[in-house]
Amino acid sequence: MNRTVEEEIQELHWEEDVNSYIQLIPNIEFSNVEGNSLKLNLLVYRDPMDALFNRVGNQEKYPLIIYLQGCGWGWSKQNTFAFVPQLSELSKMGYVVASVEYRTSDNAIFPAQIQDVKAAIRFLKANASLYNINPERVGVWGDSSGAHLALLAGLTEGNEELAGDREYPNESSTIQAVVDWFGPTDLLTMSQYPSIFDHDSPHSPESKLVGGAIQENKDKARIASPMQYIRPEAPPTLIMHGDRDDVVPFEQSMEFYKALKQAGNDVILYKIKGAGHIAFTQPHILDLVKKFFDQHLKD
């Protein structure tokens with residue numbers, strides 16, 4: 001017996017009040033400094049049809065993760081869209097995720113970069129109600145130079161020089177968790193270990209960051225080094241570093257881990273066997289990042 005068209009139609013159940021649409025809101029300006037428009041890209045559970053039809057939409061609040069892409073502080077071009085496919089996986093787990101731009105060293109030397117990051121944190125907290133953000137639950141994650149800035153964001157709350165005199169000065173830039181993927185931690189000791197870079201050269205990424213050769217500008221290099229800001233009660237920190245990294249020596253993370261532990265902090269270090277200076281996009285490694293943020297931003 002032939003079935004009718006109506007009988008052939010299959011059905012699926014739509015669950016009401018389940019947020020399932022991850023929206024990318026690109027190019028949100030969070031700061032304008034010295035003619036530089038700084039932008040971020042935001043991932044959030046939000047159906048764009050709600051705004052189109054003037055509906056209330058999703059009112060839930062989620063922890064915030066800020067991602068800082070590495071670029072040698074300007075050695076290569078920063079692309080705040082590049083890691084969005086991976087970041088979307090965290091959005092699906094119930095986070096608002098922001099990929100944040102910061103000024104490069106050919107545009108402005110340190111501390112411009114960390115001031116930009118802190119301005120982004122304050123902006124997102126000040127506008128938390130617009131973007132479904134829980135401002136009391138914020139993590140910062142970066143790779144390479146982005147990880148360097150993530151560490152500084154976690155360690156330097158209250159430092160007026162690194163905060164800068166920018167937008168939303170009454171908002172706190174305090175964060176609750178840091179993920180560091182192979183970030184430089186002590187600029188003055190980078191050259192003590194094998195690397196494809198001569199980090200002490202006046203043309204190195206680190207020297208360009210501080211505006212002159214590292215060893216000839218030691219005070220500036222110390223101010224730009226997360227190692228100088230180790231303190232008790234730092235935010236919980238997850239460090240991951242490849243043992244074949246030929247750009248940022250693995251020893252940078254090892255020494256930083258030891259210093260955090262000695263100060264009594266909550267810190268984990270994973271040595272990624274066989275990995276070089278590359279984002280750890282393999283699922284078993286990303287799963288550890290997700291679990292870390294769940295532990296410290298959701299519990």
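In segment 181-199, the residues that are free of Cβ contacts under 8 Å to residues at least 12 places away in the same chain reach residues that are surrounded by 18 or more Cβ atoms within 10 Å (Cβ to Cβ) and of a type in the set (Ser, Thr, Tyr) with C-beta atoms within less than 7 angstrom, at least six apart or across chains, in these pairs: ASP198/SER191; ASP198/SER204. Contact annotation: no residue pair with Cβ atoms under 6 Å, 6 or more positions apart or on different chains, pairs a residue in segment 150-165 that is closer than 14 Å to VAL179 by Cβ with a partner that is assigned to a loop (DSSP other than H, G, I, E, B) and modelled with pLDDT under 95.
For segment 25-75, a tally of residues being assigned to a strand (DSSP E or B) and either at pLDDT 95 or above or in contact with a Pro (Cβ under 8 Å, 6 or more places away or on another chain) (or both) returns 23.
Number of residues in segment 261-279 that are more than 18 Å from VAL97 (Cα to Cα) and within 16 Å of the chain's Cα centre (by Cα): the value is 1. The set of residues in segment 280-299 being of a type outside the set (Lys, Arg) and surrounded by fewer than 18 Cβ atoms within 10 Å (Cβ to Cβ) consists of THR281, GLN282, PRO283, HIS284, ILE285, LEU286, ASP287, LEU288, ASP294, GLN295, ASP299.
Residues in segment 133-151: is at least one of a type in the set (Phe, Trp, Tyr) and within 11 Å of the chain's Cα centre (by Cα)? Yes: segment 133-151 contains one or more residues that are of a type in the set (Phe, Trp, Tyr) and within 11 Å of the chain's Cα centre (by Cα). The set of residues in segment 196-247 that are at pLDDT below 95 and in contact with an Asp or Glu (Cβ under 6 Å, 6 or more places away or on another chain) contains only ILE196. Does PRO85 qualify as being without any contact (Cβ under 8 Å) to a residue 12 or more places away in the chain, of a type outside the set (A, V, I, L, M, F, W, C) and surrounded by fewer than 17 Cβ atoms within 10 Å (Cβ to Cβ)? So PRO85 passes the test. Whenever a residue of segment 254-269 is closer than 15 Å to GLN228 by Cα, its partners that are surrounded by fewer than 14 Cβ atoms within 10 Å (Cβ to Cβ), lying with C-beta atoms within less than 6 angstrom and at least six residues away or across chains, give the pairs ALA263/PRO232. Here the condition is being closer than 30 Å to PRO184 by Cβ and charged (D, E, K, R); of ARG103, ARG46, it holds for ARG103 alone. Return the pairs, sorted by first residue and then second, in which the second residue is outside any strand (DSSP E or B) and of a type in the set (Phe, Trp, Tyr), the first residue lies in segment 233-244 and is more than 18 Å from ASP294 (Cα to Cα), the beta carbons are less than 8 Å apart, and the residues are 6+ apart or on different chains. Note: pairs meeting the criteria are HIS241/PHE182; HIS241/PHE250; GLY242/PHE182; GLY242/PHE250; GLY242/PHE280; ASP243/PHE250.
Only one entry of GLU136, GLU161, GLU167 meets the criterion of being on the phi < 0 side of the Ramachandran plot and part of a loop (DSSP other than H, G, I, E, B), and that entry is GLU167.
The values are calculated or read from the model by the stated rules, or taken from the named source; none is laboratory data. In this text, all values refer to a predicted model and were calculated from it rather than measured experimentally. Glycine gets a Cβ as well: all are built from the backbone with ideal geometry, and neighbour counts include every protein chain shown.
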